[in-house]
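One structure is given here, and the rest of the page talks about it.
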Amino acid sequence: MMKFVNVTFWRNAESAESHAKMAHSTGLVQAILFEAADRDNIGGSAYGGQRSICCTPDLAKLEGCKQGEVIRRPSSDDPDWPVVVDTHFSANHLSVKLDDEEVHITKTGMYNLFFISCDPKVRGLAMSGKTIWRNPGGYLPGRMAPLMRFYVFMSLAYLLVMVVWFSNYIRFWRDILPIQNWITLVIALGLFEMTLWYFEYLNFNSSGVRPVGITTWVVTVGAIRKTISRLLILSISMGYGVVRPTLGGLTSKVLLLGLTYFLASELLDISENVGTINDISGKAKLFLVLPDAFLDAFLILWIFTSLSRTLEKLQARRSSVKLDIYRKFTNALAVSVIGSVVWIGYEVYFKATDPFSERWQSAWIITAFWDVLAFVLLIVICYLWAPSQSSQRYAYSGEAVDDEEESQSLTKGSDGDVGMVKIDKDRNAGVSSAFSLEDDEAEEDKRE
């Protein structure tokens, strides 16, 4: 169903004053509603020239249309479509109101509504008012409706992760690492964000409006979650809590990058969601997308550069357990980056080959993919840094003698019990190596 509400057309004073006070019809404005698949039934082309929506003298001869009106040919599926609603100015009035009527839509599809004046007597045309669109299931546009169900699924997925993670977090709270506190925060923010998105869509679906305050709050939570998630990955890549106790002199740079990313992400998400359900203009969106994309690219570069250095340090320290974890983490990140690049290419292809949004039923997948990717990467991090009684074995230790777990391997005895086999090592050489790495770390921080 589509309904016109207080739609009023205005023309300039010069156009109105050119007509007599007693004249009946002094200007025509037409509203035309059509399905995207029937777009070729609107307008025409004379002698293979440029296509025109309005009936010209040449097209009047060829098409049999009425000059000064929109060219409309009946749809092959329903002769009553496209729907054209005529509104006439009277006498020398400056404005005319379109009747508040409903148009019932019985076929699923992407529909377009144009307001057109082909009448040369109407100049300086402007309009005010609104239209109300409603699907059988509510006010959510068809391309957004699947996301409401998707956010239910994601909320349940985050809730499950939260229950499993938090149960282990409480169980081994004495052995919790600082990095695990940040992982807990990201899980909580993810659950909060997905739940908020669901209720925001639910409100939109039932009321037909998106309150600016509520949507802004949801978008802000999402921007915070994305920012902290990226800083978490960057901190892990730098070896925070594993090969260094703190980020040292890099803390201010990391925080500055995080603040900049938050602002860029917040502005982009607000422009796309707050007060609108349509994409903003191409130039404006490009202005907001570029900073966000540049910061993501810079973060990826910094993350992999830091990972390379961390792996080198772990190899130098012969920290086999930590090295194995970081190699798995590196592989997961590499797969996620490759997947992101491939998906961006698909997204560009999807939009370039569907200019009329005829594949709107699958458009929700474009948005959902990024939430799924972030969730999967979070699951990998939760698996690699899960709270356990041996969590402290992965913590940073200033002396090699405290890093004994790196010289221990888990073996299963013949009786099925897991035992610890300790491999002797040269403690003096280990201490010397540790001090050498500490010096290298300090020099690296200075260079960074």
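The values are calculated or read from the model by the stated rules, or taken from the named source; none is laboratory data. A quick note: this is a predicted structure, and the numbers were derived from the prediction, not measured. Every residue, glycine as well, gets a Cβ built from its backbone with ideal geometry; the counts of neighbours run over all protein chains shown. Note: areas computed on protein heavy atoms with side chains; ligands, DNA, RNA excluded. Shrake-Rupley method; radii C 1.70, N 1.55, O 1.52, S 1.80 Å.
Here is how the numbers come out for the structure above:
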quantity: Å² per residue, accessible surface of the range 2-133 at 1.4 Å; calculated: 56 Å²
quantity: Spacing of the two label points (7 Å from each Cα toward its C-beta) at PHE356 and ASN12, in nm; calculated: 3.4 nm
quantity: Heavy-atom accessible area per residue - the range 144-399, 1.4 Å, Å²; calculated: 50 Å²
quantity: Euclidean distance between Cα centres, the range 89-139 to the range 300-331, Å; calculated: 61 Å
quantity: Gyration tensor verdict on the range 144-399 (Cα atoms; rounded if a/c is under 1.5, prolate if a/b is larger than b/c, oblate otherwise); calculated: prolate
quantity: Extension gain (nm, one decimal) between LEU62 and ASP86, 0.36 nm per residue minus Cα-Cα; calculated: 6.3 nm
quantity: Fraction of accessible area attributable to carbon and sulfur, the range 315-378 (%, probe 1.4 Å); calculated: 67 percent
quantity: ALA20-LYS107 FRET efficiency (beta carbon distance; Förster radius 41 Å; 0.05 resolution); calculated: 0.40
quantity: Pairs from LYS21/LYS130; LYS66/LYS121; LYS3/LYS97; LYS66/LYS97; LYS3/LYS130 whose Cα-Cα separation, in the structure shown, is over 18 Å; calculated: LYS21/LYS130; LYS66/LYS97
quantity: Pairs of lysines in the range 144-399 (C-alpha under 29 Å apart; 8 or more residues apart or interchain); calculated: 15
quantity: Gyration tensor (alpha-carbon) shape descriptor, the range 2-133, a/c threshold 1.5; calculated: oblate
